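> Mind having a look at this structure? Questions to follow.
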Amino acid sequence: MTREQAYRRFIKEYDIEVPEERVQEMYDYFLLQTKHNMQYDTLINGAVHLHKAQELAELDPEIREAAWFEAKSDLVMKELMKKLEPEVTEEELQAKAEEKCQKDGTTMDMLKMFFGPSLSGLKRDLQEEKVKDWIFEQMNQR
């Protein structure tokens with residue numbers, strides 16, 4: 001089982017209530033994004049969407065599933081972050097920042113402008129990676 005498969009399965013099986021309004025918010029966002037993608041496709045590739053409403057209707061189950069999963073995974077991640085309190089050392093944070101700078105061809109100053117002077121946004125990403133590592137371990141122990 002891949003990390004992504006393990007993560008998706010864990011989220012689906014995790015017992016947590018997902019408020020319908022959160023799912024609806026994500027659905028609205030994904031629907032809007034899909035409409036934008038269709039417009040972009042038309043502008044850039046010259047694609048013609050003659051039956052846009054029909055295309056959207058056909059995509060509706062997929063959009064709804066994605067909205068539910070995104071809403072639930074956000075809630076599960078928040079709960080696990082509180083429960084596990086993953087630690088990120090300064091060395092890990094610095095190494096990840098340097099890796100990101102090299103990968104993205106950017107500078108540390110630019111990275112700090114994006115993630116904040118203390119790289120708190122990047123630290124959060126690392127904490128989420130550690131939670132996903134924990135999830136992967138849990139799923140492989142079954």
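The values are calculated or read from the model by the stated rules, or taken from the named source; none is laboratory data. Remember, predicted model here, so these are calculated numbers, not experimental data. Positions of Cβ are backbone-derived with ideal geometry, glycine not excepted, and every protein chain shown enters the neighbour counts.
> Being part of a helix (DSSP H, G or I), surrounded by 13 or more Cβ atoms within 10 Å (Cβ to Cβ) and of a type in the set (A, V, I, L, M) is the filter here, so list the residues in the range 85-103 that pass it.
Across the range 85-103, the qualifying residues are LEU93, ALA97.
> Please give the number of the condition THR106 fails out of (1) surrounded by 12 or more Cβ atoms within 10 Å (Cβ to Cβ); (2) assigned to a helix (DSSP H, G or I).
(2)
> Filter the range 17-70 for residues that are part of a loop (DSSP other than H, G, I, E, B) and either surrounded by 12 or more Cβ atoms within 10 Å (Cβ to Cβ) or assigned by TED's automatic domain parsing to the domain that holds GLN138 (or both) and give the result.
VAL18, HIS49
> Sticking with this structure for a sec: Considering only residues that are at positive phi and either touching a residue at least 12 places away in the same chain (Cβ under 8 Å) or assigned to a helix (DSSP H, G or I) (or both), which ones fall in the range 109-138?
LEU119 - this is the single residue of the range 109-138 that is at positive phi and either touching a residue at least 12 places away in the same chain (Cβ under 8 Å) or assigned to a helix (DSSP H, G or I) (or both).
> Which condition from (1) in contact with a helix residue (DSSP H, G or I) (Cβ under 8 Å, 6 or more places away or on another chain); (2) under 26 Å from GLY121 (Cβ atoms); (3) of a type in the set (D, E, K, R) is the one that LYS12 breaks?
Among (1) in contact with a helix residue (DSSP H, G or I) (Cβ under 8 Å, 6 or more places away or on another chain); (2) under 26 Å from GLY121 (Cβ atoms); (3) of a type in the set (D, E, K, R), the lone unmet condition for LYS12 is (2).
> Do any residues in the range 27-55 that are under 25 Å from TRP68 (Cβ atoms) and at pLDDT 95 or above have Cβ atoms under 9 Å from those of residues that are surrounded by 10 or more Cβ atoms within 10 Å (Cβ to Cβ) and among the small types (Gly, Ala, Ser), where the two are at least six apart or on different chains, and which pairs are they?
Filtered contacts from the range 27-55: TYR27/ALA66; TYR27/ALA67; TYR27/ALA71; ASP28/ALA67; TYR29/ALA67; PHE30/ALA66; PHE30/ALA67; LEU31/ALA67.
> Determine, yes or no, whether LYS78 is touching a helix residue (DSSP H, G or I) at 6+ places or on another chain (Cβ under 7 Å) and either surrounded by fewer than 16 Cβ atoms within 10 Å (Cβ to Cβ) or on the phi < 0 side of the Ramachandran plot (or both).
no
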